[in-house]
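Coordinate-derived values only; no laboratory data. The structure presented is a predicted model; accordingly, all values stated were derived computationally and were not measured. Here the Cβ positions follow ideal geometry from the backbone for every residue, glycine too, while neighbour counts run over all protein chains shown.
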Amino acid sequence: MNQLRFTQHFEVPVEQAFELAIDYKRLPEWNVSYVAVDEVTGPPDKVGTKIYAKIRLLGRTMEGWAKIVEIERPRLVRMTGTSTQGGSLTTTYRFTPVGTGSDIEILAEYELPGMFGQVADKLFVQKAIERDVRHSLENFKAFVEVKTPVLA
């Protein structure tokens, strides 16, 4: 199992950052890996809710279901998922109030599907995933800190 950890600070209350994070239909707006979120089966803040999405990694599109396995509003969301091509991902988002803002910590634990088994350099794959997550966090920060939404 591969593991990556990231942190980012936002100048908004933790509740505001949490609300954007659990608005799963908006994932493709800020998360560069998401191509589409096709279905959300339940309330965004309930254990058992499932999300069907398409993501791109290293030029390949994968799709599959993720399920909320733990949620503590507005502090924690943990999802586990598998793609139809194989591979798995567990993502944990932790939100912590810091002064007038908040920090987010993302822990991603993953196994790549077999189609990536031919990639000779595991470090290359890990660096690509890190780059995508860092870019997504920058986008998330811009979305959550915006004072006047561009689109309503």
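Filter the cross-link list LYS50/LYS141; LYS67/LYS127; LYS54/LYS141; LYS46/LYS122 down to pairs whose alpha-carbon distance in this structure exceeds 28 Å. Write out the running numbers ahead of the final one.
Numbers: LYS50/LYS141 25 Å; LYS67/LYS127 26 Å; LYS54/LYS141 22 Å; LYS46/LYS122 35 Å.
From the list (LYS50/LYS141; LYS67/LYS127; LYS54/LYS141; LYS46/LYS122), the Cα-Cα distance tops 28 Å for LYS46/LYS122.
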For the chain: relative contact order, % (alpha-carbon pairs under 8 angstrom, 6 or more apart): 27 percent
Hydrodynamic radius by Kirkwood, which averages 1/r over all alpha carbon pairs of the range 11-83, in angstrom: 12.7 Å
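Could you work out the longest stretch of the chain that avoids the trypsin sites (Lys or Arg not before Pro) located in DSSP loops with at most 15 other Cβ atoms within 10 Å? All intermediate terms of the calculation are to be shown ahead of the outcome.
Working: sites that count: LYS46, ARG75, LYS147.
Within the chain, the longest run free of exposed trypsin sites (Lys or Arg not before Pro) spans 76-146.
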Calculated Rg/Rh (Cα atoms, Kirkwood Rh) (choose from (1) 1.09; (2) 1.20; (3) 0.96), label: (3)
Helix-only [θ]222 nm of the chain, DSSP H runs n ≥ 4, -39500 (n - 2.57) each, per residue, nearest 500: -7500 deg cm²/dmol
